[in-house]
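If you scroll down you'll find the structure; I have some questions about it.
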Amino acid sequence: FRRRTTMSTIMKRWCLLSAAAALVGARTLPVRHEPFAALEHVNLNVGDEWTPELESFFLSVLRCTSDPRARAILNRTNDARDDDAPAMGDLRWINVGLQQFHLPINDNLGGPSVQSLRGDVALAWPRDKLPGLRRRLEAWLDDYGGGMDVGEAESLSFVGPNDMRFEIEASDSGDWFGPVARFDAARDAPPGGPSEGLGIRAVRLDVPKGTAAKICRFYAEIFEADVELSSKTHRRRERQTCVLFVGFHQSLEFRETDAALPYEGAHVALYVNFKKFVSAYYRARHLVFHNPRSPQFSFDTIDDVLSHDEFRFKDIIDLDTGDTVYELEHEIRALSHQGFTLKHRLPGDDNDDDDDNDTRSRTTAAAPPLAFKAW
């Protein structure tokens, strides 16, 4: 009887949820790999000051652009902190294509002042711009130290400031990465203008051996996401990789290794189409994470989540045992989030002429949660 009552309560919540979705105008951009529409940014603390090394690397070598919206976010974050809590010293948003590096400076809330991602960021680059990038990197590495693996003619990997690891992949398309198949540079460019790089192609993380399959199942059941588990043998040891496919051409990848490092607080932000954004919150609500660095956000109720157009979680768990298998803060955003650069592309937007997509997005109902043990 208790089980039937619980399920009845859940179904009532889902009815209310569908109504709420209609009221807020559920927005969707159809992508190849549902439900994740875009991998938007990587957030890493970069120390107690913005150094010449960081400035030259991101703006001169990579030719990223500086996003002017960071100042308003810094002020809002500091205003939300308690009077006796230390303020964040500075914040830089560095744009590459439509993606970003969010780089807090002198955050003053404990933990490492310089955070490790525990993996690589793969950037896509126009093929004809790759020789110039290689020359700038060689000069920068001569000045600041580090190494570069040239690899094939169309790729290279290197270690940047604060031991950040990067991979560069050549692209012939010249197009950015995001939740639409084709872009208009004049219409879609983020604040700060276009960068030389085309965007973040993938984030590839080192995870402990034996966790990749559990990570794949987590995303498949919590988000009903498009995932792939692969295996390869290296020195007679099998290693698995879980790939979470995002949007049209992006991915978040988890590669098993013997040298996985402890979590230091980095996070990634992903945009999710609205139907699965809401259902995933209900499935993951017992995992919701309130980051003390951003006290302006609370995710205790669906009303909180809809008002912020986001929720966060940190623990990727084994769905059978409830044990944490990997830690990585996820900032899960709806496409209606104020930070979404391509709002003008949303179906039903005043600047969009696609009425058919508008009708489809507003009449899509959220599916009930999948059955797994709720820890």
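The values are calculated or read from the model by the stated rules, or taken from the named source; none is laboratory data. Note that the structure is a prediction, hence the values are computed from the model and not measured. Note: ideal-geometry Cβ built from the backbone for every residue, glycine included; neighbour counts use all protein chains shown. Remember, those area values only see protein heavy atoms, side chains included, never the ligands or the DNA or RNA. Shrake-Rupley method; radii C 1.70, N 1.55, O 1.52, S 1.80 Å.
Looking only at the stretch 270-294, count how many residues are closer than 17 Å to VAL31 by Cα and among the aliphatic types (A, V, I, L, M).
Matching residues across the stretch 270-294 total 2.
Mind listing just one residue for me: the one in the stretch 184-208 that is out of contact with any Leu (no Cβ under 8 Å at 6 or more places or on another chain), touching a residue at least 12 places away in the same chain (Cβ under 8 Å) and in a loop (DSSP other than H, G, I, E, B) and, of those, nearest to ARG134 (Cα to Cα)?
So, considering only residues that are out of contact with any Leu (no Cβ under 8 Å at 6 or more places or on another chain), touching a residue at least 12 places away in the same chain (Cβ under 8 Å) and in a loop (DSSP other than H, G, I, E, B), the one nearest to ARG134 (Cα to Cα) is PRO194.
Are any residues in the stretch 108-122 in contact (Cβ under 8 Å) with a residue 60 or more places away in the chain and over 20 Å from PRO262 (Cα atoms), and if so, which ones?
ALA122
Could you tell me whether any residue of the stretch 252-272 is within 23 Å of THR77 (Cα to Cα), in contact with a helix residue (DSSP H, G or I) (Cβ under 8 Å, 6 or more places away or on another chain) and not β-branched (Val, Ile, Thr)?
Among the residues of the stretch 252-272, not one is within 23 Å of THR77 (Cα to Cα), in contact with a helix residue (DSSP H, G or I) (Cβ under 8 Å, 6 or more places away or on another chain) and not β-branched (Val, Ile, Thr), which makes the answer no.
Listed here are the residues, each with its yes/no results for (1) among the aliphatic types (A, V, I, L, M); (2) open to solvent by less than 30 Å² (accessible area, probe 1.4 Å).
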residue	(1), (2)
PHE166	no, yes
VAL180	yes, yes
ARG187	no, no
GLY197	no, yes
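Tell me yes or no: at least one residue of the stretch 275-291 is in contact with an Asp or Glu (Cβ under 7 Å, 6 or more places away or on another chain), open to solvent by 10 Å² or more (accessible area, probe 1.4 Å) and over 27 Å from ARG201 (Cα atoms).
Yes, the stretch 275-291 has at least one match.
Is it true that some residue in the stretch 301-323 is at pLDDT below 90, open to solvent by 10 Å² or more (accessible area, probe 1.4 Å), of a type outside the set (S, T, N, Q) and over 15 Å from the mean Cα position of the chain (by Cα)?
There is no residue in the stretch 301-323 that is at pLDDT below 90, open to solvent by 10 Å² or more (accessible area, probe 1.4 Å), of a type outside the set (S, T, N, Q) and over 15 Å from the mean Cα position of the chain (by Cα).
Which of the residues that make up the stretch 231-274 are open to solvent by 20 Å² or more (accessible area, probe 1.4 Å), outside any strand (DSSP E or B) and in contact (Cβ under 8 Å) with a residue 40 or more places away in the chain?
Residues satisfying the conditions are PHE248, HIS249, ASP258, ALA259, ALA260, LEU261, TYR263, GLU264, GLY265.
With modelled with pLDDT of 95 or more and at positive phi as the only criterion, which of ARG63, ARG92 stands out?
Going through ARG63, ARG92 in turn, just one is modelled with pLDDT of 95 or more and at positive phi: ARG63.
Taking the stated definitions as given, is PHE297 open to solvent by less than 60 Å² (accessible area, probe 1.4 Å), in contact (Cβ under 8 Å) with a residue 12 or more places away in the chain and touching a helix residue (DSSP H, G or I) at 6+ places or on another chain (Cβ under 7 Å)?
yes
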